[in-house]
Each structure stands twice: as structure tokens, then as C-alpha cells.
1. Considering only the stretch 137-212, give the strands (runs of 3 or more DSSP E) lying wholly within it that have at least 1 residues that are open to solvent by less than 50 Å² (accessible area, probe 1.4 Å), more than 16 Å from ligand 2 (Cβ to nearest atom) and acidic (Asp, Glu).
2. Here are the criteria: (1) within 16 Å of ligand 1 (Cβ to nearest atom); (2) under 21 Å from His239 (Cβ atoms). Tell me which single one Glu27 does not satisfy.
3. Just the residues that are crowded, with 19+ Cβ neighbours inside 10 Å and outside any helix (DSSP H, G or I), please, taken from the stretch 280-301.
4. Check off (1) touching a helix residue (DSSP H, G or I) at 6+ places or on another chain (Cβ under 6 Å); (2) away from ligand 1 (no atom under 14 Å from the Cβ) for Val131 and give me the number that stays unchecked.
5. Could you say whether any residue in the stretch 227-247 is open to solvent by 50 Å² or more (accessible area, probe 1.4 Å), more than 21 Å from Phe56 (Cβ to Cβ), at pLDDT 95 or above and aromatic (Phe, Trp, Tyr)?
6. Output the residues belonging to the stretch 55-74 that are over 17 Å from the mean Cα position of the chain (by Cα) and either buried (at least 23 other Cβ atoms within 10 Å of the Cβ) or more than 18 Å from Ala272 (Cβ to Cβ) (or both).
7. Within the stretch 213-226, work out how many residues are small (Gly, Ala, Ser) and open to solvent by 80 Å² or more (accessible area, probe 1.4 Å).
8. If a residue has to be at pLDDT 95 or above and touching a strand residue (DSSP E or B) at 6+ places or on another chain (Cβ under 6 Å) to count, how many in the stretch 23-49 make the cut?
Amino acid sequence: MTLIDDIHRLKKQKKAIILAHNYQRAEVQDIADYVGDSIQLSKRATEEKDAEIIVFSAVDFMAESAAILNPEKKVLLPSVGARCPMAQMLPVEEVRLWKRRYPKTPVVLYVNTLAEAKAEADVCCTSANAVKVVGALDAETVLFGPDHNLAWHVQQKTGKRIVPIPRKGFCPTHVLFLMEDIQLLKEEYPDALVAVHPECTPEVQSIADFVGSTSQICRYVKETSGKKFIIGTEIGIIHRLKKENPEKEFIPAYEGAVCPNMKLNTLERIYASLKEETHQIRVPNQVAKKARKSLEKMLAI
Ligand code: 13P
Ligand code: SF4
């Protein structure tokens, strides 16, 4: 019996499913029941009516969102250390401080925040729907956090005044992409299209042919007739892109763009998590109730 067989056996025995983010290790994506972006995974968790356990192979805030939206299910994060540093950049106290400074301004928080912060938001958003969510608000000024690059993207697309909270929240992996590197790659591959995530810097976004969430990048690649793509997001997505588009070529905009937190979920840890039912994500009821409202408001938009 291999480790993969053991995982499948335990999954069946415990009525569990494995959901994996687009940045997970190749072998983890290959054993998952579903691979997707941050919000697709949470939605998928709600659709899996028969599942009693959800192994959420991603980072803390994503598993937390799934637990908030599926209070009756046991949500497990295989590696307790898989924590998104961007989510740590906006503690709840800071959200409250900005709310005191701008008492009449709506607060839109990226799902890359911890549950306590989400509980203070008017509505959540993901990189896939941030423009739509902010556009739908009846307000010309919006407090938006924690990613100030995504805030810039939203400002460009909606024309609204976006106040980033904190001033400079960022993803340590996506700021590694440099405009100069992409320009050099464009010279080397003149017929390649450039697709990047909105967590990249404004200069990188400005020279891209497409800016979107991880799943939007997957859809863009599939639906455009281009054959070569320079990809400006975490390297793990290249596995899915190659698998779904074997006839196309993918050039990482920077090979060192690895999210070390995402990579903590290994097959061994997934097996241990299923076997021992660790590490269960628990969100206190009061916090979950308020955070659920912000997430559900987003889903309704
Ligand atoms: P997506 O919602 O696009 O999957 O992105 C989540 C994330 O953490 C990007 O770094
Ligand atoms: Fe967080 Fe960046 Fe990793 Fe996404 S890639 S989980 S934003 S650190």
C-alpha cells in the first residue's frame, strides 16, 4: 500500500474530501477532489453535503472561511504552520482604529484576513470579485485591506477612492515579481501573453495582458488562442495550467515565487491530518457569526 492508497482509504472510511488551492504541491493537487481558488474552495465545501470532514489543503484564512461557512462540518488544516503572512498584517485592532477614523466609510476586506478582522468588515471580497464588490457599494470612498496592490487594482477599475488599510499590506511572494524580469522575458518570447495576479505591484500589473485571480488566470489561458504565457503568480499554479493545457507553454515570470506556507501541506501531513483528525479549525461562535455575514454578503454580490 502506498501513502496515496492510504489517503484514499481513510478518505472513504471517514467520509472526507480533500480541497486544494491552486498553489499546492503538484502531488497534493493530484490527489485532491477539487482544486481551485480561495473562494471556490469554500463554496465547494458548502456543496459537499455528504462530506463529514474537509481536509483543506491551503493556508489558515482559507480553512477558516470554509469553517465559518460550514459550521456543521469538521474542517482540518493539514499543517498548523500554514499561515498567510498578509492576513497577519491586519490585526482586528487596526481595523477598529480605521473605522474610528472613517466612521461613515464602508470596510471591504480581502478574504486574506483572519476571522476577527472579517467580523469587523461590511463585506469581504476575493481577488476574483473585488472590483465587483467595491463597484456595487453605494459609496465613493472605501476602506480596503490588507493588500495595497489589490487596492490599487480596484481603484484603477472602479475609479473610487480606495483607502488602503494598513498603509502597505502585501504578499511577500507576489512582490517578488519585477517589471524588468518580465520585460526581459517578453523580449525572449515576443509572442507570449503575460498573465499576473493583482497582488503583484502596480508596475507589474501595468505591463500584463491579463490581471486576475488564480482561477481567472486558468480560465484566461484556456479560453485565449495564445500558445505561450508568462505567468506572474505563485509557481504551484503552473502544474494545473500544464495539466489542463498540454499543448501550451508556460514561462514562470520568476521561478523563485514560492509561497512557503502553502508548501507546508505535504502528502505525509495530509495523511496524518486525516488519521488523527488534526488540526481542526475552530472559530468562536460570536466571531464566526459576524464574519459569516461579511462572507455571505460577498457571495450574494
Ligand atoms: P486566489 O483567490 O486568486 O486563489 O488567491 C489567493 C491568494 O492567496 C493569492 O496569493
Ligand atoms: Fe498569502 Fe501570498 Fe501565500 Fe497567498 S501567496 S497565501 S497572499 S503569502
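The values are calculated or read from the model by the stated rules, or taken from the named source; none is laboratory data. Note that the coordinates shown come from a computational prediction; the quantities given were computed from them, not determined experimentally. All Cβ positions, even for glycine, are placed from backbone atoms using ideal geometry, and neighbour counts span all protein chains on display. With ligands, DNA and RNA removed, areas are computed over all heavy atoms of the protein, side chains included. Shrake-Rupley method; radii C 1.70, N 1.55, O 1.52, S 1.80 Å.
1. Numbers: elements: 141-145, 161-164, 193-196.
Ranges flagged: none.
2. Condition not satisfied by Glu27: (1).
3. If the condition is that a residue be crowded, with 19+ Cβ neighbours inside 10 Å and outside any helix (DSSP H, G or I), then Ile281, Val283 are the ones that fit.
4. It is condition (2) that Val131 fails.
5. No: the stretch 227-247 contains no residue that is open to solvent by 50 Å² or more (accessible area, probe 1.4 Å), more than 21 Å from Phe56 (Cβ to Cβ), at pLDDT 95 or above and aromatic (Phe, Trp, Tyr).
6. Our first condition is that a residue be over 17 Å from the mean Cα position of the chain (by Cα); within the stretch 55-74, this holds for 70-74.
Within the stretch 55-74, Asn70, Pro71, Glu72, Lys73 qualify.
7. Residues meeting the conditions: 1.
8. Number satisfying all stated conditions: 7.
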